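Note sheet for the following structure.
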Amino acid sequence: MHNLMKNRVLVVTAVTVAVLMISVPMLAHHGTNISYDRTKMWTKKAVVTEFRYANPHPQLFFDTTDEKGNVEHWGAELLPNPAQLIKNGWGKKRSEEALMPGTRITVTIAPSKAGGTVGLLVKAVNEKGEELVPAGGGGGGATPAP
């Protein structure tokens, strides 16, 4: 009886440690503040070039122009995963139809801290003023791009 109780305690302890070890990397993956600078968010008009409805996060690719008129090619990830988008009514078909190549949108982006033309999509709005796919990047505080 004593050995049976000891074995149960060992099994429960081992399972608890395993769950904790698995959960730490999952939490680390979702730390967007380490990758994106929310203090330098900007808002700009853009044209969709591609939308990928994929795990772990959908990706939006678009073109903008800088202050000199040069085209910049950007890529941004959406914070929600496809399962979360579906729960909010944004299945693959609806998302892809709303973000077809050539669609004119206004985006709010939290740029990558590493630089380059990548970032986190905070918000996307079409020409009718409708917010598209819940980006989940946390709105507010965005300023027009330089």
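The values are calculated or read from the model by the stated rules, or taken from the named source; none is laboratory data. Owing to the predicted nature of the structure, the values given are computational and were not obtained by experimental measurement. Ideal geometry is used to build each Cβ from the backbone, glycine not excepted, and the neighbour counts take in all protein chains shown.
Tell me which residues, restricted to region 44-68, are among the small types (Gly, Ala, Ser) and modelled with pLDDT of 95 or more. Walk me through it before giving the result.
Quick first cut of region 44-68, residues among the small types (Gly, Ala, Ser) only: 46, 54.
The answer is Ala46, and nothing else.
Specify which of the listed residues (Ala110, Ala114) is within 25 Å of Ser35 (Cβ to Cβ), in contact (Cβ under 8 Å) with a residue 40 or more places away in the chain, in a strand (DSSP E or B) and assigned by TED's automatic domain parsing to the domain that holds Lys45. Break it down stepwise before answering.
Working: Ala114 fails: in a strand (DSSP E or B).
Answer to the check: Ala110.
When residues of region 41-73 are filtered for being among the acidic types (Asp, Glu) and within 11 Å of Thr117 (Cβ to Cβ), how many remain? I'd like the intermediate steps shown before the answer.
Filtering region 41-73 down to residues among the acidic types (Asp, Glu) leaves 50, 63, 66-67, 72.
Remaining after also requiring within 11 Å of Thr117 (Cβ to Cβ): 63, 66, 72.
Residues flagged as among the acidic types (Asp, Glu) and within 11 Å of Thr117 (Cβ to Cβ) within region 41-73 amount to 3.
For a quick check of your reading: which strands (runs of 3 or more DSSP E) sit entirely within region 36-84 and have at least 1 residues that are among the small types (Gly, Ala, Ser) and in contact with a strand residue (DSSP E or B) (Cβ under 9 Å, 6 or more places away or on another chain)?
42-52, 71-77
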